[in-house]
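Trainee: Here it is, the structure in full.
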Amino acid sequence: MASLKHLPAVKGAKVLMVGAGGIGCELLKTLALSGFQDIHIIDMDTIEVSNLNRQFLFRQSHVGQSKAKVAREAVLKFRPHISITPYHANVKDSDFNVDFFKQFNVVLNGLDNLDARRHVNRLCLAADVPLIESGTTGFLGQVTVHVKGRTECYECQPKPAPKTYPVCTITSTPSKFVHCIVWAKELLFAKLFGDKNQANDLNVRSSDGASSSKQAEDVFEHRKDEDIEQYGRRIYDHVFGYNIEVALSNEDTWKNRNRPKPIYSSEFMPNDLSQQNGNMEKNGAANDISSVSAMASLGMKNPQDVWSLKENSRVFLEALKLFFLKREKEIGNLTFDKDDQLAVEFVTAAANIRAASFGIPLHSLFEAKGIAGNIVHAVATTNAIIAGLIVIEAIKVLQNDTKNYRMTYCLEHPTRKMLLMPVEPFEPNRSCYVCSETPLSLEINTHRAKLRDFVEKIVKAMLGMSLPLIMHGSALLYEVGDDLDEEMVANYAANLDKVLSELPTPVTSGTMLTIEDLQQELSCQINIKHREEFDEEKEPDGMVLSGWTQAPSVVKDDKESIANAGSTSNEPPVEAEKNDEIEITTGKKRKQSEVSEAVDPDLSSVDGDTRNPDKLQVLDDDDELTIFDNWDSVTNKKIRMQ
């Protein structure tokens, strides 16, 4: 229970929790036991079996039910007199607008993705409500405090970017198992089961002029009169046999590389496929999609076994068959989900067959799922520690104890005999486009890029806007909303397919675009700079956004790191400091305490201090995480102690 001097602030507080997963379960319990009386929870997820080993408020009987609602019921059993209001919904729904956020004294995040975090950060800024962020990954964790005008917002600093790979590496010259996973998940799975209208680089290879031929495109279509097993073998032979032979025809590619081996189904499977059919009766009820499994059909049980090439081939063909026989209605709309057993089996088998072709060691389904889902396995104790730290900071915020706000990092190995490292918060970043409204700059080929490219790759993917509105001066180029009439919707749809320089109000070099998101109450300006050519490997999007700072990817690949922003980092890896003092920043900077007394209202006109992009940052809660190879170098960076 919180100490007596805290009770008035705690009891009278109205708190919003976003997320009822690994951190959320611990947090709700700790809030209730600390004396909080009015708690609201938003979570869109339902309980899965895999949650039960760490999300202790849930039991086997709760599987399939709302996390928010079950968490409420569990806590009310030992704190029946407090008020807990659950919302089984997406925090990005229009119901959770700025007015909704204004009713709370503090918002506590326990989310598992960057997009939702950015959305909540912007709503808290617009509503002027303090936000306490958190995240865990394995033994690592962090809690940060974000108060408008006093500390940096969640987006003031770049976040470690998930690793991306050049298309040519994925499609033609894989050298690591992760390359095979990306190929199987993002290209093959999407090509067979995803949106047919989505651009797909499965057949794109350097120096392969025939790869875009009609024959290469048609091979993935399931013919009406074609037996599903024959179709599966045709796909197998095309992607693992024919495509490899086409790649081998380019001799220059293999001068300094090991040549791959084409693999055909006839090498491992009998011509009469009925001899190798799985038993579909083992897949449970016909309508129970979650129980459909190629492993079950084939009598394979241990996910930690490394399958032989023949076993991978059988799983590949069986999984493909089951998708068409048991889940045909979903085909065309599927995206890979790490919790979809059949999807994981298909991707594992496809990745292993490709790995065998290129001489790369095979992996078990358990290992492949971890790579494909970017999973760092959760540690329940870390979640409990982080939840406790969130409540400590929440009490400080409610008491307006600004001098004692702390960002706290949970480390795997002691530093100065400490596992918890408190750091004084930083002042707002004056070049942050979210809280300081600093203009951004975009290099783009205005004669080639379409408005759709700009909306999808910049406005939505990089800026994280959900309902964008794009203006050129007083001219409205694009808008999203339920209140638009049919004519407006048609006009904006037509604009999407127009080249920027050919829009009704042309966008050319020097144009200043205003981008707004009315739901987030966020507005920013982008200065357009025309650029003719881009490096296809280093700048695959064909555009570079400046002023919006995304960290270089933490994972290194062949001494070159390609970030999502389409730029590269040539900085050497950070080496561990042999020093007891810990510091997380390298540039000169004022601390939050130096500006808490008097905040300059016009910070956007001043250049920001240099910031270190390798600041320790845990991206996600325990459910879905980006894998980082060099956390040691990150956590060994100095953190300035108070």
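Trainee: Can you find, within region 532-559, the residue that is most open to solvent (accessible area, probe 1.4 Å) among those that are modelled with pLDDT under 75 and polar (S, T, N, Q)?
Mentor: Thr549
Trainee: List pairs: first residue in region 355-367 and β-branched (Val, Ile, Thr), second residue surrounded by 19 or more Cβ atoms within 10 Å (Cβ to Cβ) anywhere in the structure, Cβ distance under 6 angstrom, at least six positions apart or on different chains.
Mentor: Between residues of region 355-367 that are β-branched (Val, Ile, Thr) and residues that are surrounded by 19 or more Cβ atoms within 10 Å (Cβ to Cβ), the close pairs are Ile360/Phe177.
Trainee: Here is a list of conditions, (1) in a loop (DSSP other than H, G, I, E, B); (2) in contact (Cβ under 8 Å) with a residue 40 or more places away in the chain; (3) out of contact with any Gly (no Cβ under 7 Å at 6 or more places or on another chain); (4) open to solvent by 10 Å² or more (accessible area, probe 1.4 Å), and Phe36 meets all of them except one; can you say which number that is?
Mentor: Of the numbered conditions (1) in a loop (DSSP other than H, G, I, E, B); (2) in contact (Cβ under 8 Å) with a residue 40 or more places away in the chain; (3) out of contact with any Gly (no Cβ under 7 Å at 6 or more places or on another chain); (4) open to solvent by 10 Å² or more (accessible area, probe 1.4 Å), the odd one out for Phe36 is (4).
Trainee: Just give me the residues in region 401-429 being assigned to a loop (DSSP other than H, G, I, E, B), open to solvent by less than 40 Å² (accessible area, probe 1.4 Å) and either β-branched (Val, Ile, Thr) or modelled with pLDDT under 90 (or both), in sequence order. Outline the logic, then answer.
Mentor: Of the residues in region 401-429, the ones assigned to a loop (DSSP other than H, G, I, E, B) are 401, 405-406, 416-417, 424-425, 427-429.
Then keep just the ones that are open to solvent by less than 40 Å² (accessible area, probe 1.4 Å); that gives 405, 424-425, 427-429.
Hit for region 401-429 is Asn429, nothing else.
Trainee: Under the condition of being small (Gly, Ala, Ser) and open to solvent by less than 70 Å² (accessible area, probe 1.4 Å), which residue from region 207-239 is modelled with the highest pLDDT? Steps first, please.
Mentor: First, pick out the residues of region 207-239 that are small (Gly, Ala, Ser): 207, 209-213, 216, 232.
Now restrict to residues that are open to solvent by less than 70 Å² (accessible area, probe 1.4 Å): 210-211, 213, 216, 232.
On the way: Ala210: 42, Ser211: 42, Ser213: 43, Ala216: 42, Gly232: 92.
Result: Gly232.
Trainee: How many of the residues making up region 83-96 are over 12 Å from Met17 (Cα atoms), touching a residue at least 24 places away in the same chain (Cβ under 8 Å) and either open to solvent by less than 60 Å² (accessible area, probe 1.4 Å) or among the charged types (D, E, K, R) (or both)?
Mentor: From region 83-96, those over 12 Å from Met17 (Cα atoms) are 83, 88-90, 92-96; that's our starting set.
Remaining after also requiring touching a residue at least 24 places away in the same chain (Cβ under 8 Å): 83, 88-90, 92, 94, 96.
From what is left, the residues that are either open to solvent by less than 60 Å² (accessible area, probe 1.4 Å) or among the charged types (D, E, K, R) (or both) are 83, 89-90, 92, 96.
Adding up the residues that qualify gives 5.
Trainee: Assuming Asp337 fulfils every condition listed in (1) open to solvent by 40 Å² or more (accessible area, probe 1.4 Å); (2) charged (D, E, K, R); (3) under 30 Å from Val145 (Cβ atoms) apart from one, which condition is it?
Mentor: Of the numbered conditions (1) open to solvent by 40 Å² or more (accessible area, probe 1.4 Å); (2) charged (D, E, K, R); (3) under 30 Å from Val145 (Cβ atoms), the odd one out for Asp337 is (3).
Trainee: Then there's this: Any residue in region 360-369 that is part of a loop (DSSP other than H, G, I, E, B) and either of a type in the set (Phe, Trp, Tyr) or within 30 Å of Lys224 (Cα to Cα) (or both)?
Mentor: Step one: of region 360-369, the residues part of a loop (DSSP other than H, G, I, E, B) are 360-364.
Filter again for either of a type in the set (Phe, Trp, Tyr) or within 30 Å of Lys224 (Cα to Cα) (or both), leaving none.
Within region 360-369, not a single residue is part of a loop (DSSP other than H, G, I, E, B) and either of a type in the set (Phe, Trp, Tyr) or within 30 Å of Lys224 (Cα to Cα) (or both).
Trainee: Taking the conditions exactly as written (surrounded by fewer than 18 Cβ atoms within 10 Å (Cβ to Cβ), closer than 17 Å to Leu192 by Cα and without any contact (Cβ under 8 Å) to a residue 60 or more places away in the chain), does Glu328 satisfy them or not?
Mentor: On the way: surrounded by fewer than 18 Cβ atoms within 10 Å (Cβ to Cβ): yes; closer than 17 Å to Leu192 by Cα: yes; without any contact (Cβ under 8 Å) to a residue 60 or more places away in the chain: yes.
So Glu328 passes the test.
Trainee: Sort out which residues of region 52-73 are in contact (Cβ under 8 Å) with a residue 60 or more places away in the chain and not hydrophobic (A, V, I, L, M, F, W, C), and write them in order of number.
Mentor: Of everything in region 52-73, those that are in contact (Cβ under 8 Å) with a residue 60 or more places away in the chain and not hydrophobic (A, V, I, L, M, F, W, C) turn out to be Asn53, Arg54.
Trainee: I need the full set of residues from region 462-505 which are open to solvent by less than 60 Å² (accessible area, probe 1.4 Å), β-branched (Val, Ile, Thr) and not in a loop (DSSP other than H, G, I, E, B), in order please.
Mentor: Within region 462-505, Ile470, Val499 qualify.
Trainee: Let me ask another. So is Ala2 open to solvent by 10 Å² or more (accessible area, probe 1.4 Å), within 29 Å of Gln399 (Cβ to Cβ), modelled with pLDDT under 95 and part of a loop (DSSP other than H, G, I, E, B) or not?
Mentor: Working: open to solvent by 10 Å² or more (accessible area, probe 1.4 Å): yes; within 29 Å of Gln399 (Cβ to Cβ): yes; modelled with pLDDT under 95: yes; part of a loop (DSSP other than H, G, I, E, B): yes.
So Ala2 passes the test.
Trainee: Let me ask something else. Any chance you could count how many residues in region 435-461 are open to solvent by 10 Å² or more (accessible area, probe 1.4 Å), within 20 Å of Arg122 (Cβ to Cβ) and not in a helix (DSSP H, G or I)?
Mentor: Result for region 435-461: 6.
Trainee: Among the residues in region 371-390, are any modelled with pLDDT under 90 and open to solvent by less than 10 Å² (accessible area, probe 1.4 Å)?
Mentor: Initial filter on region 371-390 (modelled with pLDDT under 90): 371-379.
Filter once more, keeping what is open to solvent by less than 10 Å² (accessible area, probe 1.4 Å): 372-373.
Checked region 371-390: at least one residue is modelled with pLDDT under 90 and open to solvent by less than 10 Å² (accessible area, probe 1.4 Å).
The rows are residues; the columns are (1) of a type in the set (Lys, Arg); (2) touching a Pro at 6+ places or on another chain (Cβ under 6 Å); (3) part of a loop (DSSP other than H, G, I, E, B); (4) surrounded by fewer than 22 Cβ atoms within 10 Å (Cβ to Cβ).
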{"position": "Leu108", "(1), (2), (3), (4)": "no, no, no, no"}
{"position": "Leu111", "(1), (2), (3), (4)": "no, no, yes, no"}
{"position": "Asp115", "(1), (2), (3), (4)": "no, no, no, yes"}
{"position": "Val120", "(1), (2), (3), (4)": "no, no, no, no"}
{"position": "Leu123", "(1), (2), (3), (4)": "no, no, no, no"}
{"position": "Glu133", "(1), (2), (3), (4)": "no, no, no, no"}
{"position": "Thr136", "(1), (2), (3), (4)": "no, no, no, no"}
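Trainee: For the condition within 27 Å of His377 (Cβ to Cβ) and surrounded by fewer than 19 Cβ atoms within 10 Å (Cβ to Cβ), what is the one hit in Val63, Val75? Before you say what the answer is, go through the steps one by one.
Mentor: Values: Val75 fails: surrounded by fewer than 19 Cβ atoms within 10 Å (Cβ to Cβ).
Going through Val63, Val75 in turn, just one is within 27 Å of His377 (Cβ to Cβ) and surrounded by fewer than 19 Cβ atoms within 10 Å (Cβ to Cβ): Val63.
Trainee: Tell me whether region 506-516 contains one or more residues that are modelled with pLDDT of 85 or more, in a loop (DSSP other than H, G, I, E, B), over 24 Å from the mean Cα position of the chain (by Cα) and surrounded by 17 or more Cβ atoms within 10 Å (Cβ to Cβ). Show your work before the answer.
Mentor: Kept after step one, since they are modelled with pLDDT of 85 or more, are these residues of region 506-516: 506-516.
In the following step, the residues that additionally are in a loop (DSSP other than H, G, I, E, B) were identified as 506-511.
Then keep just the ones that are over 24 Å from the mean Cα position of the chain (by Cα); that gives 506-511.
Next, only the ones that are surrounded by 17 or more Cβ atoms within 10 Å (Cβ to Cβ) stay: 507, 511.
Checked region 506-516: at least one residue is modelled with pLDDT of 85 or more, in a loop (DSSP other than H, G, I, E, B), over 24 Å from the mean Cα position of the chain (by Cα) and surrounded by 17 or more Cβ atoms within 10 Å (Cβ to Cβ).
Trainee: Taking the conditions exactly as written (of a type in the set (Phe, Trp, Tyr) and either over 30 Å from Cys25 (Cβ atoms) or over 23 Å from the mean Cα position of the chain (by Cα) (or both)), does Phe366 satisfy them or not?
Mentor: Values: of a type in the set (Phe, Trp, Tyr): yes; either over 30 Å from Cys25 (Cβ atoms) or over 23 Å from the mean Cα position of the chain (by Cα) (or both): no.
Here the answer is no, as Phe366 does not meet what is asked.
Trainee: Spot the failing condition for Ala68; the list is (1) within 29 Å of Phe366 (Cβ to Cβ); (2) touching a strand residue (DSSP E or B) at 6+ places or on another chain (Cβ under 6 Å), and only one is missed.
Mentor: Ala68 satisfies every listed condition except (1).
Trainee: In a strand (DSSP E or B) and either open to solvent by 10 Å² or more (accessible area, probe 1.4 Å) or in contact (Cβ under 8 Å) with a residue 12 or more places away in the chain (or both): is that true of Gly149 in this structure?
Mentor: On the way: in a strand (DSSP E or B): no; either open to solvent by 10 Å² or more (accessible area, probe 1.4 Å) or in contact (Cβ under 8 Å) with a residue 12 or more places away in the chain (or both): yes.
Spelling it out, it is not the case that Gly149 is in a strand (DSSP E or B) and either open to solvent by 10 Å² or more (accessible area, probe 1.4 Å) or in contact (Cβ under 8 Å) with a residue 12 or more places away in the chain (or both).
Trainee: Next question, about the same structure. If I filter region 307-357 down to residues being part of a helix (DSSP H, G or I) and among the polar types (S, T, N, Q), which single residue comes out as modelled with the lowest pLDDT?
Mentor: Here the answer is Gln341.
The values are calculated or read from the model by the stated rules, or taken from the named source; none is laboratory data. These numbers come from a predicted model, not from an experiment. For neighbour counting, all protein chains shown are included, and Cβ atoms are generated from backbone atoms with ideal geometry for every residue, glycine included. Remember, those area values only see protein heavy atoms, side chains included, never the ligands or the DNA or RNA. Shrake-Rupley method; radii C 1.70, N 1.55, O 1.52, S 1.80 Å.
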